[in-house]
């Protein structure tokens, strides 16, 4: 069943590339899923929380999925109680996670598929690959762990769970700090809101508690699919030692550690995450696009290099402050930067380059 497009014209433009549908899990719960691209299926098991529509409306996350989906058919879904999927009376568990993944896998078809799990989804992907070796062609694990008990000390886990339960707003802000420490203030605010819109506080706490309790150490040796483990070196949510544990436990798995602190694959240098994954899956490498800006964005970059705040940029250009903030965010995304200082340095270098007309 197709889901109607969002109301905003900009959102409609983004979402024409994402085909939405629903399926029914074995317990009768409706699960929402989305596909982009064409070709061999790549099933994507998300981390803790997800929202198919809102994630497609966040530029960084949408760009990440589009990069993964070029040359294959990327299939994502919201787990029960998250995003566009219906809630369930069942408590979160690995067995229920596998039931939902089974429903999505059935919708994909009978051919072996590539499977990618991120964060908590990496453990679900491992469990699936161990139980259904014939169904998985290649396995990709990003930002995952073998044992949830080793992710952080018990006192820290209890504090985070308690904060989510007592104040979902503060809890989402704290987790944003952990998941995306290098994101811009605007992106961090968007992601915190995205988390709160993805589930209730009760569901969020239950899923996070499950992620801390999961342990797939005894399943790793049973994985037969060629496996790539990708992890950021300073990931604050999942220590890189746990990525090594995954790679060491899975026969012939390859570990790729990339620079960065963000737990979210699309924050920071997303291209550094996508490139080894596409290469491992046998997909054509994506060229880095030319680092150019629109005329309006060039104006904004010039004002950033002059030290102007978003409010000052808005005043100079006769636009509102939110629009100025949006321009800065799109510049940062297009250039692959994480700060205003990088934008300023890029503009000055471009302006002062030999032959420049600026």
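FYI, it's all coordinate maths here, none of it is from the lab. Predicted, not measured: the structure shown is a model, and the values here were computed from it. As a convention, Cβ positions derive from the backbone with ideal geometry for all residues, glycine included, and neighbour counts pool all protein chains shown.
Each Cα pair under 8 Å and six or more residues apart adds its sequence gap; the mean of these over the residue count of the stretch 10-169 is a relative contact order of 23 percent. Computed on the chain, with alpha-carbon pairs under 8 angstrom and 6+ residues apart, the relative contact order is 15 percent. Ratio of Rg to Rh for the stretch 216-348: 1.14 [Cα atoms; Kirkwood radius as inverse mean 1/r over pairs]. Counting 0.36 nm for each residue step from residue 202 to residue 312 and taking away their Cα separation leaves a gain of 35.5 nm. Which residues among the stretch 235-276 fall inside the zone where the amide N is under 13 Å from a point 7 Å beyond the Cα of residue 342, along Cα→Cβ? Zone members listed by number: 259-262, 266-273.
The ratio of the alpha-carbon radius of gyration of the stretch 65-147 to the globular-protein estimate 2.2 N^0.38 Å is 1.09. Taking a ≥ b ≥ c as the square roots of the eigenvalues of the Cα gyration tensor of the stretch 127-214, is the shape rounded (a/c under 1.5), prolate (a/b larger than b/c) or oblate? It is prolate, given that a/c is not under 1.5 and a/b is the larger ratio. The stretch 32-76 and the stretch 184-255 have Cα centres spaced 17 Å apart.
A quarter of the convex hull surface defined by the alpha-carbon atoms of the stretch 295-352 gives 3.5 nm² as the mean projection.
Sorted fewest first by neighbouring Cβ atoms within 10 angstrom, 167, 132 come out as 167, 132.
Going by a ≥ b ≥ c, the root eigenvalues of the Cα gyration tensor, does the chain fall in the rounded group (a/c under 1.5), the prolate group (a/b larger than b/c) or the oblate group? Because a/c hits 1.5 or more and a/b exceeds b/c, the chain counts as prolate.
Residues 77, 44 in ascending order of nearby Cβ atoms (within 10 Å, fewest first): 44, 77.
Normalised by the number of residues in the stretch 295-352, the mean separation of alpha-carbon contacts (under 8 Å, six or more apart) gives a relative contact order of 40 percent. Counting other Cβ atoms within 10 Å as a rough exposure proxy, the listed residues 123, 163 run 163, 123 from fewest neighbours to most.
Using Cα atoms only, what is the angle between the long axis of helix 295-305 and the major principal axis of the chain, expressed in degrees (0 to 90) to the nearest 10? The two axes meet at around 80 degrees. When the helices of the chain are scored as -39500 (n - 2.57) per DSSP H run of n ≥ 4 and the total is divided over every residue, the value at 222 nm lands at -14500 deg cm²/dmol. Rounded to the nearest 10 degrees, the inclination of helix 270-280 to the longest alpha-carbon principal axis of the chain is 40 degrees. Secondary structure note: in the chain, about 35% of the DSSP beta bridges are antiparallel. Rounded to the nearest 10 degrees, the inclination of helix 340-352 to the longest alpha-carbon principal axis of the chain is 50 degrees.
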